[in-house]
Amino acid sequence: MTFGSGAMTNSINEIPDSKVLLIIGSNPTEAHPIIGTKMKQAVARGAKVVAVDPRRTEMADVADVWLRLRPGTDIALINGIMNIILANGWEDKKFIAERTEGFDQLREQVAKFPPEVVSKITGVPVDQLIEAARIYATAESAQIFYTLGITEHIYGTDNVMILADLSMLTGNVGKVNSGVNPLRGQNNVQGACDMGALPDVLPGYQKVTSPTVRAKFEAAWDVPIKSEPGLMLPDMLEAALSHEVRAMYVMGEDPVLTDADVNHVREALETLDFLVVQNIFLSETAKLADVVLPAGSFAEKDGTFTNTERRVQRVNKAIEPIGHARADWKIICDLATRMGYPFAYASPADVMQEIASLTPQYAGITFERLGRKGLQWPVPDAEHPGTKFLHEGKFARGKGLFMAIEYQVPDEPPDEEYPLLLSTGRRLSHYNISTRYSEALDSYAPEELAELNPEDAERLGIKDGERVKVASRRGALETKIRVTDRVLPGMLWMSFHYKESPANVLTNAASDKVTKTYEYKVCGVKVSKLI
Amino acid sequence: MEWITLSIDGRTVTVPKGTTVLEACRMNNIPIPTLCHDPELSNYGSCRMCIVEIEGMRNLPPSCVTQATQGMVVRTQTSKVRNARTTILELLVANHPLDCMTCQKMGDCALAEYAYEYRVTGEVFKGQRRELPLDDSNPFILRDPNKCILCGKCVRACEEIQGRSVLDFSFRGFNAQVGPAFNLPYSESECVFCGSCVSVCPVGALTEKKMVGQGRPWEVEKVQTTCPFCGTGCNFDLNVKDGKVIGVTSNPEAPVNGKALCVKGRFGMDLIHNSERLTTPLIKKDGEFVEATWDEAMDLVAQKLGEVKQEHGADAIAVLSSARCTNEENFLMQKLARAVIGTNNIDHCART
Ligand code: SF4
Ligand code: SF4
Ligand code: SF4
Ligand code: FES
């Protein structure tokens with residue numbers, strides 16, 4: 001992306017000493033609870049907080065300024081804040097001159113977003129915009145945190161790039177307590193990306209289109225590597241429907257419950273000639289499979305996860321796999337061998353050796369060195385102590401590049417027929433869907449409670465705790481309602497943990513043009529009483 | 001860094017300036033009993049178990065709140081010190097239930113450990129005992145107020161680690177209790193069940209409900225690992241007995257989180273032994289799943305993928321890897337796609 005790298009720039013344990021936290025589209029006390037507690041520790045030590053969220057989250061409650069913007073208007077908001085920063089001369093001129101390029105284009109773009117215009121688009125009062133800009137730009141150091149609602153994946157999409165712009169404009173990057181930090185949701189999404197579980201890059205974000213990169217891997221693996229990037233998940237599903245893709249092998253995921261517009265996903269998977277699913281439970285996706293392979297849980301295998309601050313940490317086997325289940329790595333090795341290319345690894349530590357030999361960021365990592373504390377990549381060699389924060393003195397791509405970002409409207413804003421805006425997210429006690437298999441957690445939060453503002457509830461005649469029908473252009477479901485001013489009027493918020501109320505039958509599969517990340521955050525729905 | 005030198009039990013030790021006497025002892029492996037101290041929390045100095053004798057000081061100061069100074073002469077095990085500690089313990093034990101046999105904390109209880117070491121009998125101050133009801137209002141935490149020694153660690157953990165201040169002291173004197181404000185049950189408080197309070201409780205007043213009766217500390221093997229539930233990457237110890245994970249306890253060495261965890265990491269691990277776990281390969285025949293051996297299942301997969309590749313080319317196969325699996329597994333999966341099958345059709349469901 002803008003800096004040439006896509007991970008959290010700083011470390012989690014810097015958070016309690018932060019001076020300013022700008023938290024945007026992110027609900028850390030529920031989605032990343034320990035990061036949330038560290039933010040609250042920072043607040044207790046006097047840090048200032050700017051929260052940007054349409055929903056009243058815990059951090060919004062403790063924030064110095066809470067910008068309650070309309071969902072999907074983040075780009076206009078940040079452009080507006082940059083406009084105010086420039087108008088007041090709060091930018092870091094030295095940083096811009098020495099370490100960035102593209103500033104003139106940014107200035108031109110930002111000029112189109114005077115505070116009054118931005119206030120109209122976002123619904124945030126002008127004085128709050130100014131206050132937020134002042135707090136962020138005039139701080140000694142300031143960190144940005146974002147998650148869902150801004151977007152994900154390893155390449156900058158517009159929302160991510162504009163946050164990078166904001167940080168560079170004020171010189172808040174490349175030092176302690178200053179940076180742009182994606183909080184990655186799934187435990188090892190960072191690692192899955194690092195390891196090249198992406199169609200266009202090999203491990204370490206090395207592009208398959210590069211002949212030198214391919215030559216390195218071809219030499220190591222002794223096979224030719226295709227130079228064309230492969231299909232991203234949404235395109236895989238389209239290709240399944242058109243019979244270009246005939247077989248799929250799905251490990252550890254449940255796209256039928258977690259992907260947008262699940263009825264469409266189901267149809268695509270059903271069209272396949274052959275589907276293999278490898279999982280620890282008979283997931284909704286596994287039910288569609290021709291062959292189901294029982295995998296071991298994290299307690300049943302050795303390996304490593306990489307967390308959101310790039311820390312590679314050990315996963316240690318505590319028990320033997322349940323029944324005839326097998327660790328995923330063993331199943332993959334077995335399959336490769338049966339397909340005529342023996343994977344003869346004695347252990348995950350062996351695999352890490354090969355990873356280190358091919359992945360520059362992991363070059364100095366061995367299981368032994370990870371020990372009990374892990375290491376934060378980049379770890380370029382066997383002596384390197386790991387990297388606490390990125391971009392010190394220099395960006396991965398050299399100079400930081402400002403990107404002028406246009407404001408875009410969501411793909412499916414609410415309209416007359418579907419007047420409410422549905423937004424989805426995570427709850428504290430659940431993680432995607434797997435935690436539903438914890439009896440203790442499930443008994444604590446057993447069912448969906450979709451949040452609706454009292455104004456709308458009254459207009460629709462819906463009471464707190466009532467079961468209702470929610471419908472979008474793609475599907476419908478039933479759910480219980482919680483009437484609360486945590487959400488804005490005109491908005492409905494749901495989690496996606498419950499197969500009894502599968503929010504993703506409603507969501508829109510329109511996806512980001514670069515990352516193919518679905519637009520989970522905005523789609524039109526209507527709520528009606530059950531008859 | 002500035003250093004100072006002092007004498008502890010006749011040994012000369014050098015420590016950084018700003019160190020407490022307690023820390024100076026611990027750095028040098030000199031044991032000091034403590035009940036209300038925790039290195040991750042602020043110091044309270046209330047239990048007085050950590051008292052020591054310091055030359056030139058008249059009383060016995062608590063070492064956890066006393067700064068070490070240059071030339072200080074400290075004694076940690078004089079009879080004066082030991083007698084005072086014994087009295088404190090006798091008082092605590094006087095109104096403490098002595099059902100250690102059935103107590104979940106047995107073998108890991110600071111009070112029992114010190115009572116044993118100091119030969120406390122419970123006979124010195126025969127006191128009235130509390131008979132308060134247990135709080136088992138929630139699926140995670142069991143609170144037995146009768147066992148509480150009012151050390152206040154849980155109060156500080158909730159406030160300082162979790163930032164919540166759910167817990168507090170209520171009532172006074174003999175009736176004093178520590179628990180959710182207004183003495184409400186946990187389930188009716190603002191508690192988010194992070195279990196930080198449980199992780200610091202030195203006695204059996206707060207315990208992990210699901211672990212009750214599952215194993216004694218000396219039967220349990222602790223395996224440090226990384227939480228599979230979010231990208232924060234907390235570490236903790238899986239508690240294993242007889243090949244079964246019976247629960248989770250904090251590992252103070254955890255690099256990201258120390259002793260803190262959230263409800264998912266601390267209390268969600270019962271999913272490992274959920275009865276719905278898949279335990280054998282399944283092959284669908286006429287729309288129904290039939291149990292199969294690994295050989296049957298793997299041969300079928302290898303054969304089918306081989307056929308698709310033969311007939312439609314490698315790009316007719318697509319592979320979804322997983323942000324829940326390990327780095328090694330993701331690496332192998334993309335290698336399987338690229339080197340074995342021959343396609344770049346590899347992705348994962350990256351919902352952040
Ligand atoms: S579980 Fe956590 S939030 Fe609840 S009382 Fe204990 S420390 Fe406080
Ligand atoms: S419940 Fe435990 S930690 Fe809390 S005051 Fe009582 S003994 Fe101390
Ligand atoms: S314990 Fe909670 S905050 Fe920590 S990694 Fe697990 S789910 Fe995330
Ligand atoms: S440990 Fe020092 S007073 Fe309690």
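The values are calculated or read from the model by the stated rules, or taken from the named source; none is laboratory data. These numbers come from a predicted model, not from an experiment. Positions of Cβ are backbone-derived with ideal geometry, glycine not excepted, and every protein chain shown enters the neighbour counts. Areas reflect the complete protein model, heavy atoms only, side chains present, ligands, DNA and RNA absent. Shrake-Rupley method; radii C 1.70, N 1.55, O 1.52, S 1.80 Å.
In this structure, does A:L257 turn out to be within 11 Å of chain B (Cβ to nearest Cβ) and under 26 Å from B:H312 (Cα atoms)?
no
List pairs: first residue in segment B:33-49 and within 7 Å of ligand 4 (Cβ to nearest atom) and part of a loop (DSSP other than H, G, I, E, B), second residue open to solvent by 50 Å² or more (accessible area, probe 1.4 Å) and of a type in the set (S, T, Y) anywhere in the structure, Cβ distance under 8 angstrom, at least six positions apart or on different chains.
From residues that are within 7 Å of ligand 4 (Cβ to nearest atom) and part of a loop (DSSP other than H, G, I, E, B), the pairs are B:C36/B:Y44; B:C36/B:S46; B:H37/B:Y44.
Can you find a residue in segment B:253-270 that is in a strand (DSSP E or B) and more than 7 Å from chain A (Cβ to nearest Cβ)?
Within segment B:253-270, not a single residue is in a strand (DSSP E or B) and more than 7 Å from chain A (Cβ to nearest Cβ).
State whether the residues of segment B:20-42 include one that is more than 14 Å from chain A (Cβ to nearest Cβ) and either touching a Gly at 6+ places or on another chain (Cβ under 8 Å) or within 16 Å of ligand 3 (Cβ to nearest atom) (or both).
Among the residues of segment B:20-42, at least one is more than 14 Å from chain A (Cβ to nearest Cβ) and either touching a Gly at 6+ places or on another chain (Cβ under 8 Å) or within 16 Å of ligand 3 (Cβ to nearest atom) (or both), which makes the answer yes.
Considering only segment A:281-296, how many residues are in contact (Cβ under 8 Å) with a residue 60 or more places away in the chain and at the interface with another protein chain (Cβ under 9 Å from one of its Cβ atoms)?
So the answer is 1.
Considering segment A:340-363 alone, what residues qualify as being facing another protein chain (nearest Cβ under 7 Å), closer than 30 Å to B:T249 by Cβ and not β-branched (V, I, T)?
Scanning segment A:340-363 gives A:P348, A:M352.
(1) open to solvent by less than 30 Å² (accessible area, probe 1.4 Å); (2) more than 15 Å from ligand 1 (Cβ to nearest atom); (3) under 13 Å from the mean Cα position of the chain (by Cα): which one isn't true of B:P252, the others all being true?
With respect to (1) open to solvent by less than 30 Å² (accessible area, probe 1.4 Å); (2) more than 15 Å from ligand 1 (Cβ to nearest atom); (3) under 13 Å from the mean Cα position of the chain (by Cα), B:P252 is out only on (1).
Applying the selection to segment B:268-284, what residues are open to solvent by less than 20 Å² (accessible area, probe 1.4 Å) and either more than 27 Å from B:V301 (Cβ to Cβ) or within 16 Å of ligand 2 (Cβ to nearest atom) (or both)?
Residues satisfying the conditions are B:G268, B:M269.
Given segment A:1-92, what helices (runs of 4 or more DSSP H) lie entirely inside it while holding 3 or more residues that are over 23 Å from the mean Cα position of the chain (by Cα)?
A:33-44, A:74-87
Given the residues A:T271, A:T337, which is the only one that is surrounded by fewer than 21 Cβ atoms within 10 Å (Cβ to Cβ), free of Cβ contacts under 8 Å to residues at least 12 places away in the same chain and more than 7 Å from every other protein chain (Cβ to nearest Cβ)?
Criteria check complete, one pass: A:T337.
Yes or no: A:L21 closer than 30 Å to A:Y205 by Cα and modelled with pLDDT of 90 or more?
So A:L21 fits the description; yes.
Do we have B:P133 as surrounded by 15 or more Cβ atoms within 10 Å (Cβ to Cβ), assigned to a loop (DSSP other than H, G, I, E, B) and more than 14 Å from chain A (Cβ to nearest Cβ) here?
It is false that B:P133 is surrounded by 15 or more Cβ atoms within 10 Å (Cβ to Cβ), assigned to a loop (DSSP other than H, G, I, E, B) and more than 14 Å from chain A (Cβ to nearest Cβ).
Of all residues in segment A:344-383, which are basic (K, R) and either open to solvent by less than 70 Å² (accessible area, probe 1.4 Å) or assigned to a helix (DSSP H, G or I) (or both)?
A:R369
Being among the aliphatic types (A, V, I, L, M) and open to solvent by 60 Å² or more (accessible area, probe 1.4 Å) is true for just one of B:M106, B:M49. Which residue is that?
Matching residue, one of B:M106, B:M49: B:M106.
Criterion first (touching a residue at least 24 places away in the same chain (Cβ under 8 Å), open to solvent by 10 Å² or more (accessible area, probe 1.4 Å) and within 19 Å of A:F103 (Cα to Cα)) does A:M168 satisfy it?
In short, no.
Would you confirm whether or not segment B:45-59 contains a residue that is over 19 Å from B:C148 (Cα atoms) and within 16 Å of ligand 1 (Cβ to nearest atom)?
no
Table: residues versus (1) at negative phi; (2) modelled with pLDDT of 80 or more; (3) outside any strand (DSSP E or B).
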{"site": "A:R134", "(1), (2), (3)": "yes, yes, yes"}
{"site": "A:I144", "(1), (2), (3)": "yes, yes, no"}
{"site": "A:V160", "(1), (2), (3)": "yes, no, yes"}
{"site": "A:S167", "(1), (2), (3)": "yes, yes, yes"}
{"site": "A:N181", "(1), (2), (3)": "yes, yes, no"}
{"site": "A:R184", "(1), (2), (3)": "yes, no, yes"}
{"site": "A:C193", "(1), (2), (3)": "yes, yes, yes"}
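Kindly provide the set of residues from segment A:297-334 that are at the interface with chain B (Cβ under 7 Å from one of its Cβ atoms), in contact with a Gly (Cβ under 6 Å, 6 or more places away or on another chain) and under 19 Å from B:A297 (Cβ atoms), ordered by number.
A:A325
Sort through B:C230, B:C194 and tell me the only one that's in contact with a Cys (Cβ under 6 Å, 6 or more places away or on another chain), under 22 Å from A:E439 (Cβ atoms) and either within 12 Å of ligand 1 (Cβ to nearest atom) or in contact (Cβ under 8 Å) with a residue 12 or more places away in the chain (or both).
Just one listed residue meets the conditions, B:C194.
Check every one of the strands (runs of 3 or more DSSP E) wholly within segment B:156-246 and list those with 1 or more residues that are open to solvent by less than 10 Å² (accessible area, probe 1.4 Å) and within 11 Å of another protein chain (Cβ to nearest Cβ).
B:221-226, B:235-241
Can you confirm whether segment B:307-317 contains a residue that is more than 7 Å from every other protein chain (Cβ to nearest Cβ), open to solvent by 40 Å² or more (accessible area, probe 1.4 Å) and aliphatic (A, V, I, L, M)?
So far as segment B:307-317 goes, no, none of its residues is more than 7 Å from every other protein chain (Cβ to nearest Cβ), open to solvent by 40 Å² or more (accessible area, probe 1.4 Å) and aliphatic (A, V, I, L, M).
Determine which member of the set B:V212, B:V245, B:V220, B:V198 is aliphatic (A, V, I, L, M), more than 16 Å from ligand 4 (Cβ to nearest atom) and over 22 Å from B:A112 (Cα atoms).
So the residue among B:V212, B:V245, B:V220, B:V198 that is aliphatic (A, V, I, L, M), more than 16 Å from ligand 4 (Cβ to nearest atom) and over 22 Å from B:A112 (Cα atoms) is B:V245.
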